[in-house]
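J.: First the structure, which I've put down as C-alpha cells, then a few questions once you've had a look.
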Amino acid sequence: MNHLENLQLGDLWKPRYYGNLFNSRQHDFHNFPNQIGWTLSNDTLEFETETDISFNKFLQSWLFFGLLSTILGKPAKKLSETLVSEAGYINTKTLNGYLEDWRNDVADQDTHSRSLRMIRAQVALDKARHIVTEYCSEDGKKVKPEGHPCHVHPYLGLSLMVLGETLTNAKAKIVEKVGFNIRGWHGDAMEGWGTPSCVLETMHREGWCRKLVEILRLQLRSHATSILAAYSSHFQTEARTSYLIEGHKDCTEEKCKLRFVGANGEYETQHQLTCRSHRRHPDHSKDDQSCIMIGPRIDKVVTLIKNHRVPLLEYDKYSGTVDVVEHEPYMPYATISHVWSDGYGNPKDNLLWKCQLDFFDELFNEAHKESRSGERRLFWIDTLAVPIHENDKEERRIAVRQIHQVYTNARYTVVIDKGLGQMLPADSYEGTAMRILASGWMRRLWTLQEAYLSRRLYFAFASPGDGEKRLKNLEDLEEMYPKASDILTSNIPSAARTYFHNLLGNDRRARINELPAGNGTDILASVWRAARWRTTNHQEHETLALATLLNLEYKNTKFQDAGLIKRAAKVEDDQLQGMMIDLWKLLDKTCPGSIPPGIIFLPGEKLKDPSFGWAPKTWMSNEELEYPDPLSNMIGAAKLVPEGLLVQYPGFVLHAQNRASILRVNESSFHFPSDSTLLEWYGVELTGLRNNPPKGNEKDEKQLAIILCRPKPKEIPEIALLVEIEEKIVQKSFSDKHHHSVIYHVSYDQRVKIWRETNGDLLSKWRDYITTSIDLDEKSVSGDSKREDKMICGEALDSDQRWYVGGRPLPDKPEVKPVEQEVKIPAPKMTEPGHIPIDSGQNRTSRPAVRSVRKTGPIMMGGLGGPKPVSLRPNPVTSTARPTSTAVAAAQHALVPTSEPSSSSSTSRQQYPVQHPDSFPGRSPRSRSASAVSSTSTTSQSISTPQHRVGSSPSMAVQTPATSPPEENEHSPSRASGSRIPVAKAGKVPNGGHANGSAK
C-alpha cells in the first residue's frame, strides 16, 4: 500500500510475503487454482486441496502476482522481485511506474487489440473481485475463522482489496483517455472490493464512533482504499485523541449517543476549548466566573418576528452585548450552521457563553475580509434568534418558517463543527474532503438544508498559526478536484467527493447560479440520497426540516407544529406516520409528478396506511442503495392515486399451483423459467422483511408478481419487489373495441434480489424438474399421484407495465357491541298555529314533556333539526370491492347525500387533488371505477371523517393539527332544534351501519 503516498500510514497493516507460485509462461490466470492443486467449485465457491501449499500463499500467488501479471503484461517473477522488501513484506512503491507503462502500452495499440486487452483485463478483475469479497471482506459469506485451512490473514486480505481497487481505477482512467466503447465491458471504478476488518477493528479500538464507522462503510460502498483514507484523514491529529473518543463510548452501529450533559444529566452549553472555564483547559478552575452568558433582548426579537421581520444580531466584543437589528433588503449578514450536540445550543434561554461569541467574531472577521461584506458584522444563529420560551410559541413557529429565507439571503454561512475545529485543513483535496465527510455536522438533518440554501460555505478548521486562515471555502476546495482525481493509483478523490454530493452540490450550484436544474423527480432523488445518512434527535422534526428545505407551504399539515413539541414529550409512531403521509401529499399537490417512481424499491420499513404502503417511514434510512440504483433507473413519472402510487415498470406474474410453492417454509429463494423454451431462467432471493404480514388466521392466497427496476435482469443480482396482486384492472377503449390495457393493483410484500441464472448444471436440473412436474400434473388429474406440485412459471410483462403499488389492506377491527344509553330529548315545540308534531296521534290525549329513547346508532340531523337518512355509501374502512361499470359507480354516488361544508365549521380542511392514471401520455381513457368516484363533501355535522384508504374516495384530505372532528357551535341547526346528537360507541350497530354513519 506504499503507492498510496498521501495516506502516510507508515508500517500499519503491512502484509508479509508468503511466496509466489504463479509463472506467466506455465500458468493461466483462470485455471491457476486447478493447476497447482486447489480445486474451486463454481457452484459453492468453496476451495478444496490435497497439497501442502498454504491458502495464503496460494491466494497471494494467484490474486496478487497472478492478477498483476495478467493485466500489466509483466512476468510474475519480475514483479515479485520488485514488489517485495528485503524484510519480507509487500512494498508497492514501484507500482505507480508499472501503471504508467500499462497506460502507454495501451495507447500505442490499435483499436482492435486495445479493446481485446481491456476485455481480458475486465474479466480477470471480475473473477478476482468475486473471490476477494467473499473470502477477505468482513461481510464476506466465505470468511473462515482463524485456524481453518482457508482462513485469510487480515493484512493479506487488505492488500488484495487495495490492489484490486487500484487496478480497477487505473483501467477506468486509461479507458477514459484512450477510448473504449464496447458496452457492458467497462466495470465500475467506484465499486469496492470489500470492507477490511483490521481497519475497522483499529478504529473501534481507538474510540471512533461506531455509528460513524458504519456510515462511512456504507457511504464509501465498502471501498477498502477509501476507508483507509477516512482513517488516515484523522490519523496523527488532535481529534484522534479527543473529539472522536469523547462522548462516543456508548455509541452503537445503529445510533450515536453523543450528547454533552452536565452534572444533573441535562444538556449543557459548552465553553470553547481555549476558555479557562472549559473543564479540559490547563488553567481550569471551578471558581472562575470570568466567562458569562450573553444574549439579545428577547422582547425585541419576538416583536420583529411577530411582525414577520427577520431579527439580525450584532455582537460587541468589548462591551459584551448583543444588539438586535431589523433585516432590510440587500443587508449583508452571515449565518452559522452548527450541531447542537457540539454544545452550541441552549434549551432553556436564548443565551450563549461569551467565549463562544468571541469565537464567532474571529471567524466573521476573517470571512468578511474575503467576502468583502463591509465593516458591520451582522449574523443569525438559531440559538439566539429563535425564541425558546413557552409563551412565545407562535413567534417560534414563524421563526422556523423563516429559516429558508434566512439562509437563502445570507451573504455566507460559517460551518462550525467541534471535530473540524480540532484539525488543520489537509494539504490535499482528498484529505480535507474526507475530514468534512467524517464530521458530525455532515450527519445532522437540519444542517443539510442550511448547506443547500447557503450561497457560500466556509468550514472552520483549527488555526494554523497567527495570521493564517482557518476557514476553508467550499468552492476553493472543489477547484482542486479535477487535478486531484487525475491519477492512476486510486480513486480516493472521487470517493472523498461523496461529501459534495451529500450536500446536494450540483443542485445547490444550479439554484445559486439560477441555472436550469433537474426536474422535480431528480431533485427529490438527490435530497433522498443526502438525507438517508442524516439523523435528528427528534423524529418529529424530519418532515418539518424536509419541507423547509424544499420550500413547501406546510400550514394546516400535521407537522406544522413539530418544532413546538416539548423535548420531553413522546411522539407516537402513528403521529409520525401521519406527518410523513402529509408530506407526500403536499409534495404531490405542490409539485405534481415529482415523486420518484424508484422509491418503491428503497429499503426500510414502510408506512402502514395501505395507500402509502410503498413509502418508507423515514428518509433517514442509513442504508446503502442496492444494485442497480433504483433512483437512477427510473421510467416515467409516478402519480399518487387512491390505490397507492402509479408507476411503470417491467415485471413477471408468477403462476404456481399454490403460494407455498413460491414462499416455502425455511427457504429464502426460488427460481422459475420465463417462457416455454425453458432456456431463460431467473433466481430470486428474499432479502427484506415482509411489509405488514398477515396475522392470526389470515391466509396468503393472492397471486404473486415481481416488479423489476429495469428489463431483463443480468447475472448480477438486481433489486426487485415481490408483490401481491389485489386486482387486475382491464381498461378498454370505446373507439377501439380490440384495444385494452391492464393495470395491476398490488400490495407491497417484500424486497427481493433477482438474477438470470447461467449455471448449466442447475439449468439442466431445473428443466428436468419442470418436465417431471408436467407429467405429475397429468397423473394428479387421474389420481395416480399424491406428490405436491411445486412448479413455478413466470409470465413476462411489458417494460411499461402499469402498477398501482400500495400496502397490504389492514385487517378489519373486531366487532364491538354498542353500549346503550338513555338520552333525553325535549319534545318539539309548536312554532306555528295548527302545526301537528310528526309523532302525535288522534288517540293521544296528552304527552310527556320529555321522552326516553335508547341510543343504538347514529342519528344524522337534517337542516331543521329533524332526522336525516343515513348514508348508504360503502364504508371506506372495510370496503375493498371495486364496481366494474360506470353505471354502478354512478348509482352508488347518487345514494350519497351531498352538502357543502358548513361555514360554521371551526376547523379548515385542505383538499389535495390527485392526478388520475389516465393522464399518462398516450393512454386512452378507461371506464370509470370506484377508485375514480369523487367523494362527497364532509359537513360540519358529521360525527367523524373517514380516513383515506384503498378503495375510498380519491380526494385526499390533510387533517389540520386539531385531528378531532369539528365541534358544532351554537348556531348549527342541530343545536337550534334543542336536541343532542346521540353518538354511538365505536363498532357496528343493529341497523347494519357503522359508528361513522356510513352503511357497511
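For (1) farther than 30 Å from Glu757 by Cα; (2) in a loop (DSSP other than H, G, I, E, B); (3) touching a residue at least 24 places away in the same chain (Cβ under 8 Å), each residue gets a yes or a no:
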| position | (1), (2), (3) |
| --- | --- |
| Trp13 | yes, yes, yes |
| Phe22 | yes, yes, yes |
| Asp28 | no, yes, no |
| Asn42 | no, yes, yes |
| Thr51 | yes, yes, no |
| Leu67 | no, no, yes |
| Lys77 | yes, no, yes |
| Trp102 | yes, no, yes |
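J.: I would also like to ask the following. Which of the residues belonging to the range 2-30 are within 15 Å of Thr70 (Cα to Cα) and within 43 Å of the chain's Cα centre (by Cα)?
T.: Phe29, His30
J.: Let me ask another. If you take the residues of the range 541-578 that are buried (at least 22 other Cβ atoms within 10 Å of the Cβ), in contact with a helix residue (DSSP H, G or I) (Cβ under 6 Å, 6 or more places away or on another chain) and of a type outside the set (Val, Ile, Thr), which of them is farthest from Tyr452 (Cα to Cα)?
T.: Here the answer is Lys558.
J.: Could you list all residues from the range 627-661 that are among the small types (Gly, Ala, Ser) and open to solvent by 30 Å² or more (accessible area, probe 1.4 Å)?
T.: Of everything in the range 627-661, those that are among the small types (Gly, Ala, Ser) and open to solvent by 30 Å² or more (accessible area, probe 1.4 Å) turn out to be Ser632, Gly636, Ala637, Ala656, Ala660.
J.: A follow-up question, please. In the set Leu544, Leu524, Leu474, Leu453, which member is among the aliphatic types (A, V, I, L, M) and in contact with a strand residue (DSSP E or B) (Cβ under 7 Å, 6 or more places away or on another chain)?
T.: It is Leu474.
J.: Evaluate the range 307-323: report whether one residue or more is touching a Lys or Arg at 6+ places or on another chain (Cβ under 9 Å), open to solvent by 40 Å² or more (accessible area, probe 1.4 Å) and over 21 Å from Glu395 (Cα atoms).
T.: Taking every residue of the range 307-323 in turn, at least one turns out to be touching a Lys or Arg at 6+ places or on another chain (Cβ under 9 Å), open to solvent by 40 Å² or more (accessible area, probe 1.4 Å) and over 21 Å from Glu395 (Cα atoms).
J.: So, one more: Quick one: how many residues across the range 335-345 are part of a loop (DSSP other than H, G, I, E, B) and surrounded by fewer than 21 Cβ atoms within 10 Å (Cβ to Cβ)?
T.: 1
J.: For the range 471-554, which fully contained helices (runs of 4 or more DSSP H) count at least 2 residues that are farther than 30 Å from Ser232 by Cα and of a type in the set (A, V, I, L, M, F, W, C)?
T.: Ranges flagged: 505-512, 520-531, 541-549.
J.: Criterion first (touching a Ser or Thr at 6+ places or on another chain (Cβ under 9 Å) and open to solvent by 10 Å² or more (accessible area, probe 1.4 Å)) does Leu437 satisfy it?
T.: no
J.: With modelled with pLDDT under 70 and over 25 Å from the mean Cα position of the chain (by Cα) as the only criterion, which of Thr274, Thr237, Thr269 stands out?
T.: Criteria check complete, one pass: Thr237.
J.: Check Ala87 against each of (1) in a loop (DSSP other than H, G, I, E, B); (2) without any contact (Cβ under 8 Å) to a residue 40 or more places away in the chain; (3) open to solvent by less than 50 Å² (accessible area, probe 1.4 Å) and name the one condition it does not meet.
T.: That leaves (3) as the condition not met.
J.: Out of Thr432, Thr383, Thr447, Thr413, which single residue is touching a Gly at 6+ places or on another chain (Cβ under 7 Å) and either crowded, with 22+ Cβ neighbours inside 10 Å or modelled with pLDDT of 95 or more (or both)?
T.: One residue alone meets the criteria, Thr383.
J.: Oh, and also: Quick check on the range 1-21: of everything there that is of a type in the set (S, T, N, Q) and surrounded by 17 or more Cβ atoms within 10 Å (Cβ to Cβ), which residue is nearest to Lys57 (Cα to Cα)?
T.: Only one residue tops the list, namely Asn20.
J.: OK, next. I'd like the residue in the range 595-624 that is in a loop (DSSP other than H, G, I, E, B) and among the basic types (Lys, Arg) and, out of all such residues, is farthest from Trp528 (Cα to Cα).
T.: Lys608
J.: Now, a different point. Could you grab me the full set of residues in the range 579-594 that are in a loop (DSSP other than H, G, I, E, B) and either buried (at least 21 other Cβ atoms within 10 Å of the Cβ) or more than 18 Å from the chain's Cα centre (by Cα) (or both)?
T.: Within the range 579-594, Cys591, Pro592, Gly593 qualify.
J.: Sort through Glu138, Glu176, Glu201, Glu134 and tell me the only one that's open to solvent by 10 Å² or more (accessible area, probe 1.4 Å), outside the structural domain of Arg103 (by the TED database) and out of contact with any strand residue (DSSP E or B) (no Cβ under 6 Å at 6 or more places or on another chain).
T.: Within the list Glu138, Glu176, Glu201, Glu134, the selection yields Glu201.
J.: Shifting gears a bit: Out of all the residues in the range 31-40, which are assigned to a loop (DSSP other than H, G, I, E, B) and surrounded by 11 or more Cβ atoms within 10 Å (Cβ to Cβ)?
T.: Gly37
J.: Still on this structure: Go over the candidates Lys753, Lys737, Lys765, Lys714 one by one and state the one that is charged (D, E, K, R) and in contact with a Lys or Arg (Cβ under 9 Å, 6 or more places away or on another chain).
T.: Lys714
The values are calculated or read from the model by the stated rules, or taken from the named source; none is laboratory data. These figures come from a predicted structure and were not determined experimentally. So basically every Cβ, Gly included, is an ideal-geometry build from the backbone, and we count neighbours across all protein chains shown. We work out accessible area using only protein heavy atoms, side chains counted, and drop any ligands, DNA or RNA first. Shrake-Rupley method; radii C 1.70, N 1.55, O 1.52, S 1.80 Å.
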